[in-house]
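Below is one structure; the comments refer to it alone.
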Amino acid sequence: MAKAGKTEQSTKEHMLLDEIDLSILKLLQQNAKATVKEIADKVHLSTTPVHERIKWMEKTGVIKQYATLVDHSKVKKGLMVICYVSLKQHNKNAGSKFIKSILELNEVIECYNISGEFDFMLKVVAESMDAYYDFHVNKLSQAENIGHVQSVFVMGIIKQTHVLVY
């Protein structure tokens, strides 16, 4: 019952976003350091309503956080790997333990529960092939309930974005 209420609330919040809210989001996605005044000038409002809209979107979870996007190759994380992981057991307890172990691995920068042949897709960064090997053997493979891991090495990034409102 609570879940249905949350879905209704999420839908309601989505419906309450107007064109100005979307314009504000577009500008913040381009530059999260933009000032309220800069945004206000571009959306043709004064600073107070723009500030209130941003605070409302933060409060309701439309804006989850502000982040600095770092070029992985410039911080000694030049190797990017997509790991597909299948578990031996498929029950709630086993899945929860795996997720808990993944959350503790700094090398894993994204984790998705997926459908198909594998159960999870991980995005992993490492300094080198040796560092990835160490991660794979001494960390990932040590996680409880690992069935099969397939590593795919990223040769180049064609498109990488976090833009959701365009």
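No lab work stands behind these numbers, since they all come straight from the coordinates. Computed from a predicted structure; not experimentally measured. Methodologically, a virtual Cβ is constructed for each residue, glycine included, from the backbone with ideal geometry; neighbour enumeration extends over all protein chains shown.
Laid out as a table, the results:
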quantity: Of (i) 29.0, 108; (ii) 19.6, 56; (iii) 20.4, 57, the label for Rg and Dmax of the Cα atoms in Å derived from the coordinates; calculated: (iii)
quantity: Of L28, L45, L79, the one that fluctuates the most in a GNM where the chain has Cα springs shorter than 10 Å; calculated: L45
quantity: Mean separation of Cα contacts under 8 Å (6+ apart) over length of the chain, as relative contact order %; calculated: 25
quantity: Eligible lysines near K88 by straight Cα distance, threshold 18 Å, same-chain separation 8 or greater; calculated: K97, K100, K139
quantity: Residues M80, M121, M129, M155, sorted so that the one with the fewest Cβ neighbours within 10 Å comes first; calculated: M155, M129, M121, M80
quantity: Per-residue ³J(HN,Hα) for region 88-93, Karplus 6.51 cos²θ - 1.76 cosθ + 1.60, θ = phi - 60°, Hz, x for Gly and Pro; calculated: 6, 10, 10, 10, 4, 5
quantity: Whichever lysines have a C-alpha closer than 24 Å to that of K26, once near sequence neighbours (fewer than 8 apart) are set aside; calculated: K12, K37, K42, K55, K59, K64, K159
quantity: ³J(HN,Hα), Karplus 6.51/-1.76/1.60, whole Hz, each residue of region 148-155, x for Gly, Pro; calculated: 9, 10, 10, 9, 10, 8, 6, 8
